[in-house]
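What follows is a short report on a single structure.
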Amino acid sequence: MLLIVADDLGYADLGVHGSSIRTPNIDRLASEGVLLTQFHAGPSCAPARAMLLTGNNNHVAGMGRQNTFIEGLPGYENRITERVAPLPRLLSEAGYHTSIAGKWHLGNNLDEAPPSVGFERSWIMVHGAGSHYDATGFFDGGSTYLADGVEVAWPDGAYSTELYTDRILSFMDEAFAQDRPFFAFASYTSPHWPLQVPEAYLDRYAGMYDEGYDVWRARNFERLQSAGIVPESWELPPRNPAITPWDELDPDLAAYYTRGMELYAAMVENLDHHVGRIVEWLKERGEYEHTLVVFLSDNGAPIRDWWNGGEAHEYVRAHYDNAPERMGRPGSWVSYGAGWGEAGSAPFSRLKTYTREGGLVAPLVIRGPGVESPRRIEGAYVTAMDVAPTLLEVAGARYPDDGTVRPMLGESMNALLSGASDRVHDDTYVTTVYHAGRAYVRMGRWKLVSLDPPFDESKMELFDVIADPGETRDLRGSEPERYAEMLALWRSERARLGIRLESERPER
């Protein structure tokens, strides 16, 4: 089994979704499998990864807020906790060779590294982001890398996506030599900022995006409809009023963001190339038809631009060089801004960090044994928590039911993938997420969601996300009984899952 996760890949940014970005290898996986268009990941990197590897809510798993440890407050351990049984450990116990290469972001201490959750082999970046060419990082001390739980140096001259592919292929070679089934997790840091690409990719999209993000947001939406990813009946929601319209943007900033989008597109194409390398490895060894391949992104398109502001602004300005001729090369720090992020999140509202659909819905492709009717576009509602139970079922492994850990909240997608069912969850299934001052609870077509921190329960809005996927019509006033029901559900889910707000930290 092979799990490939792209980092901050926008919903609209695959060729198979109609994108201008060339992704032939990922598109081929989709043509041979199922493209799931209503995959709800997490609002940010770490909670999404916690849900993927545990099949559980991020608070239950221990990742209440990424990069945040609050002593004495359950849910904020900033690691995968003993409340759950991690997927890699269960697969290892079932005889699988388990490995990960790339981004970890699920604990900063050595005893919280991949071996602690059952990965037999690992080569990872501990933190959530950093240079793709060295260990400069974005905070004092720079990035940290671990090989099988032991700190190692970044190899001179290496580029992240190529290096992580080399490492995961070496781990797969090891499993193949031992004649063992494998679970390999290619946890890429691409196309997460800083936007850096190998020299050969620097100008592949030069001039492509000069019309700006407003034009391309509308164009992406139309292309998604033409590709059959979203229905013709959907409407593009209004733009985020906090984002400056393209034609009002300072010319220098517009040029910077345009270059950022060119580099982002090049990173996605480069990522696709390395996905192709893994597929070729499988084919050369006769394993392709026997391997379940899952490709997804961890959240919606990104929002931050630390070159021009934000918490890491001073460090980034002091350690990187964004002279025009340097942009995209080693030592530069480029991001493409919230406007291009919103364009990548078409057809939804908002983007990464939000619990609106634009922050949650991400690409998901699955192909391999048990996946029937290839070239299928499937709109059933699925979540990041459904990946682990799906893989466990394929492996014939079982999740503990003896009361020692919390039960999984996700459900297997295999009946949907095989064509035996048209859904994974019925209309009574509840999904609840709280992260960094934003929350949502969903049951069937109904979603109660907050917009901006600090969290205020009284400001949660009610949407029918089947009729209104852009979340433009708040129904609290017209559906008071439904609103009361969903508000009560949110409160009961908070209690059931142990969701605590950061403000509820214990007194010392």
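Values quoted throughout were computed directly from the atomic coordinates according to the rules given, and no laboratory measurement underlies them. Not measured: the values here are computed from a predicted model. Ideal geometry is used to build each Cβ from the backbone, glycine not excepted, and the neighbour counts take in all protein chains shown.
Some notes on this structure:
- Simple spin-label estimate for Arg376 and Glu287 in nanometres, 7 Å along Cα-Cβ: 2.6
- Per-residue [θ]222 nm for the chain (sum of -39500 (n - 2.57) over DSSP H runs n ≥ 4, rounded to 500): -9000 deg cm²/dmol
- In a reduced charge model with +1 at each Lys and Arg Cβ and -1 at each Asp and Glu Cβ, the chain shows a dipole moment near 680 debye about its Cα centre.
- Model label points for Ala323 and Glu222, set 7 angstrom from Cα along the Cα-to-Cβ axis, are 4.1 nm apart.
- Using the Cβ of Val294 as centre and a radius below 12 Å, the other residues enclosed give a net charge of 0, where K and R count +1 and D and E count -1.
- Mean separation of Cα pairs under 8 Å and 6 or more residues apart, divided by the residue count, gives the chain a relative contact order of 24 percent.
- Dividing the mean sequence gap of close Cα pairs (under 8 Å, 6+ apart) by how many residues region 143-229 holds gives a relative contact order of 19 percent.
- For region 182-195, 3J(HN,Hα) computed residue by residue from phi via the Karplus equation (6.51, -1.76, 1.60; θ = phi - 60°) reads 10, 10, 10, 10, 8, 9, 6, 9, 9, x, 4, 4, x, 7 Hz, glycine and proline entered as x.
- Simple spin-label estimate for Phe176 and Arg491 in nanometres, 7 Å along Cα-Cβ: 5.8
- Taking the Cα centre of region 47-100 as reference, the dipole from Cβ charges on Lys and Arg (+1) and Asp and Glu (-1) amounts to some 140 debye.
- ³J(HN,Hα) computed for each position of region 308-321 - Karplus, 6.51 cos²θ - 1.76 cosθ + 1.60, integer Hz, glycine/proline x: 10, x, x, 5, 9, 4, 5, 5, 4, 5, 7, 10, 10, 10
- Alpha carbon centroid spacing (whole Å) that separates region 112-143 from region 17-53: 23
- Peptide ranges 108-121, 240-253 listed from the most packed, as the mean C-beta count within 10 angstrom indicates: 108-121, 240-253
- Sorting the segments 43-51, 390-398 by their residues' average number of neighbouring beta-carbon atoms within 10 angstrom, most packed first, yields 43-51, 390-398.
- Considering only Thr431, Thr98, Leu224, the residue lying farthest towards the positive end of the dipole of the chain is Thr431, judged by Cα position with unit charges set on Cβ.
- Nearest-20 debye value, region 87-149 charge dipole, Cβ charges on Lys, Arg, Asp, Glu: 180
- Over region 176-306, relative contact order from alpha-carbon pairs under 8 Å, at least 6 apart, %: 39
- Span-rule helices in the chain, defined as complete DSSP H runs reaching 30 Å or more along the axis (Cα) with Kyte mean at least -1.0: 251-284
- As a rough guide to protection, the peptides 445-455, 494-504 ranked by mean Cβ packing within 10 Å, highest first, stand as 445-455, 494-504.
- Rounded to the nearest Hz, the phi-derived 3J(HN,Hα) couplings of region 402-410 under the Karplus curve 6.51 cos²θ - 1.76 cosθ + 1.60 (θ = phi - 60°) are 9, x, 6, 9, 5, x, 4, 9, x, where x marks glycine and proline.
- Summed residue charge, Cβ within 14 Å of Asp210's Cβ, Lys/Arg positive, Asp/Glu negative: -3
- Listed candidates [x] 21.3, 63; [y] 26.6, 87; [z] 53.0, 198 - label of the one calculated as Rg and Dmax of the Cα atoms in Å: [x]
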